[in-house]
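For reference, the structure is listed below as structure tokens.
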Amino acid sequence: MPPPLKNHRPSPLLAVSTNQQLFERAQRVIPGGVNSPVRAFRAVGGTPRFIARAQGAYMWDAEGRRYVDYIGSWGPMILGHGHPAVLEAVQRAVADGLSFGAPTEREIELAEAIVALVPSIEQVRLVSSGTEAAMSAIRLARGATGRSMLIKFEGCYHGHADALLVKAGSGLATFGHPTSAGVPAEVVQHTLVLEYNNLTQLEAAFDAHGAQLACVIIEPIAGNMNFVRASVPFMQRLRELCTRHGALLVMDEVMTGFRVALGGAQSLYGQVIPGFRPDVSVFGKVIGGGMPLAAFGTTRDIMAQLAPLGPVYQAGTLSGNPVATACGLATLREVARPGFHDALAKRTRELVQGLQSAARDAGVPFEADCEGGMFGFFFPREPDQGLPQNYGAVMATDGPRFNRFFHAMLDRGVYLAPALYEAGFVSAAHTEADVQTTVDAARAALAA
Ligand SMILES: *Cc1c(COP(=O)(O)O)cnc(C)c1O
């Protein structure tokens, strides 16, 4: 059972701002009213909920309404909100100082914990966001190989660094186009964008450009196009091609790391592809436990290319921040307990199976998948289409139906990701009863 509620509910005697009032006020001083675009509910329409507090599996909005939270701050809150061990670690760290700009023992501890849990990594550098980590990993790959070109896959998100905000050009021989204004075409001219899970395109790209490729960056389970797994043959071939052509395989595990399994998605591919490991790994979200913290890591040799040892420059005023590292370390300690991921995966499967059965009973075409504490679901336009395998297939699913479902669930107190191209997250604080409440809400929503 969730812990008893302290009385944080806004008193009806106080003047309470509604979500709508806050949204209007926010839009006067913050572009779109938000500090990260997806929060504005543009994809699904309606008024974003302004969150006042969160505890366990729940969030409360400014109007005092409670939601079962399946976003978990987009992944970090794998233990649920306000986990006592994490709060205690953070409070202690705060009392010792907020930031020093000098090394601390806790950074070593966190680096040691990551290195111990991820066998492909010998050294890590800590940064403050996934964007920074992926951007730095690419710079490192380019510096270490002396090459400029890179491959990314359509629908994978690696943060908002210029070179990665790119969509496919008109053909394989052409390079990508920027997906954001303000990114000069020259900046993405070294980035080749391929379809996810498309072996033919992958082979052709390596045939044409293998000797110029610094790296291939991939989300192993793509959570930024809802939930799409890289197929095992695709990942295996990608590994072979990178090795043969001297390109580094960069696995962006910002979302999947410590969430789909203790060793990340790479450990899952390692179970089915003999000797599999990426060259470079990128982490974020869970390793910060809700504080700004991310990391990238690889072998000691490659990491020796980084300043101050080598010529690849990378730095950060708040990198390895003492409060963030305390939060991340306390989170990782809980996540590394025996059986943690088994229990999380079981709860997530219960949710997915419950949603599948609700959709089946309602006669609504529905596909869903999950791994560890991460899940995705789709409303295909036709029945029996199977799970989407790439971005085009995800975006061809029924958007209007997703949006109606999203709002029907929100009205019933279930907070899902407000866009059909985002994954969902279950935390260790979600109980069987929370899942049941969610499935009941889905039955009602799908019937409506
Ligand atoms: C969230 C995410 C990022 C970006 O991380 P930020 O901390 O938002 O900059 C990068 N890659 C993946 C796979 C992500 O899910």
Fill in the blank from the handout: Contact list, first residue from segment 126-141 and closer than 12 Å to Val254 by Cβ, second anywhere and charged (D, E, K, R) and within 9 Å of the ligand (Cβ to nearest atom), beta-carbon distance below 9 Å, six or more apart or interchain, is Gly130/Asp252; Gly130/Lys285; Ala133/Asp252; Ala134/Asp252; Ala137/Asp252
Handout entry: Subset tally (residues that are part of a helix (DSSP H, G or I) and either farther than 12 Å from Met291 by Cα or not polar (S, T, N, Q) (or both)) for segment 313-332
Key = 9
Practice task
Considering only segment 210-298, give the strands (runs of 3 or more DSSP E) lying wholly within it that have at least 2 residues that are among the hydrophobic types (A, V, I, L, M, F, W, C) and farther than 20 Å from Glu422 by Cα.
Solution key: 213-218, 248-252, 294-298
Exercise for the section: Might you check whether a residue that is crowded, with 21+ Cβ neighbours inside 10 Å, more than 16 Å from the ligand (Cβ to nearest atom) and either modelled with pLDDT under 95 or part of a helix (DSSP H, G or I) (or both) occurs anywhere in segment 169-188? Expected result: yes
Handout entry: Residue count for segment 385-431, restricted to those that are of a type in the set (S, T, N, Q) and closer than 26 Å to His83 by Cα
Key = 2
Exercise for the section: Keeping to segment 121-159, report how many residues are within 16 Å of the ligand (Cβ to nearest atom) and either of a type in the set (S, T, N, Q) or farther than 28 Å from Ile108 by Cα (or both). Expected result: 12
Handout entry: Sole exception among (1) touching a Leu at 6+ places or on another chain (Cβ under 7 Å); (2) under 21 Å from Gln271 (Cα atoms) for Glu240, by number
Key = (1)
Problem - Residue among Val94, Val118 that alone is buried (at least 19 other Cβ atoms within 10 Å of the Cβ) and β-branched (Val, Ile, Thr) - result: Val118
Completion exercise
Expected single match for within 12 Å of the ligand (Cβ to nearest atom) and modelled with pLDDT of 95 or more among Phe276, Phe258, Phe283 is Phe283
Exercise for the section: State whether one or more residues within segment 386-407 are farther than 20 Å from Ala57 by Cβ, exposed (fewer than 15 other Cβ atoms within 10 Å of the Cβ) and touching a strand residue (DSSP E or B) at 6+ places or on another chain (Cβ under 9 Å). Expected result: yes
Completion exercise
Cβ pairs under 8 Å, 6+ apart or interchain, first in segment 244-270 and closer than 20 Å to Val335 by Cβ and among the basic types (Lys, Arg), second at pLDDT 95 or above and within 16 Å of the ligand (Cβ to nearest atom), ordered by first then second residue, are Arg259/Gly75; Arg259/Ile78; Arg259/Lys285; Arg259/Val286; Arg259/Gly372; Arg259/Gly373; Arg259/Met374; Arg259/Phe425
Practice task
Could you list all residues from segment 408-424 that are under 22 Å from Arg65 (Cβ atoms) and crowded, with 16+ Cβ neighbours inside 10 Å?
Solution key: Ala408, Met409, Leu410, Arg412, Val414, Tyr415, Leu416, Ala417, Pro418, Ala419, Glu422, Gly424
Problem - Residue count, segment 182-205 (criterion: of a type in the set (Gly, Ala, Ser) and under 27 Å from Lys285 (Cα atoms)) - result: 1
Exercise for the section: Read through the list (1) at negative phi; (2) more than 18 Å from the chain's Cα centre (by Cα), then give the number of the only condition that Gly320 fails. Expected result: (1)
Handout entry: Any pair with Cβ under 8 angstrom, 6 or more apart, that starts in segment 281-292 at a residue that is more than 21 Å from Ala54 (Cα to Cα) and aromatic (Phe, Trp, Tyr) and ends at one that is part of a strand (DSSP E or B) and near the ligand (Cβ under 7 Å from one of its atoms)
Key = Phe283/Ala294
Handout entry: Failed item in (1) assigned to a strand (DSSP E or B); (2) surrounded by fewer than 20 Cβ atoms within 10 Å (Cβ to Cβ), with Ser73 passing the rest
Key = (1)
Fill in the blank from the handout: Here, helices (runs of 4 or more DSSP H) confined to segment 333-448 with at least 3 residues that are modelled with pLDDT of 95 or more and farther than 25 Å from Ala265 by Cβ are 340-362, 399-411, 432-447
Handout entry: Only one of Glu253, Glu240 that is charged (D, E, K, R) and out of contact with any helix residue (DSSP H, G or I) (no Cβ under 9 Å at 6 or more places or on another chain)
Key = Glu240
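The values are calculated or read from the model by the stated rules, or taken from the named source; none is laboratory data. All values reported here derive from a predicted model rather than from experimental measurement. As a convention, Cβ positions derive from the backbone with ideal geometry for all residues, glycine included, and neighbour counts pool all protein chains shown.
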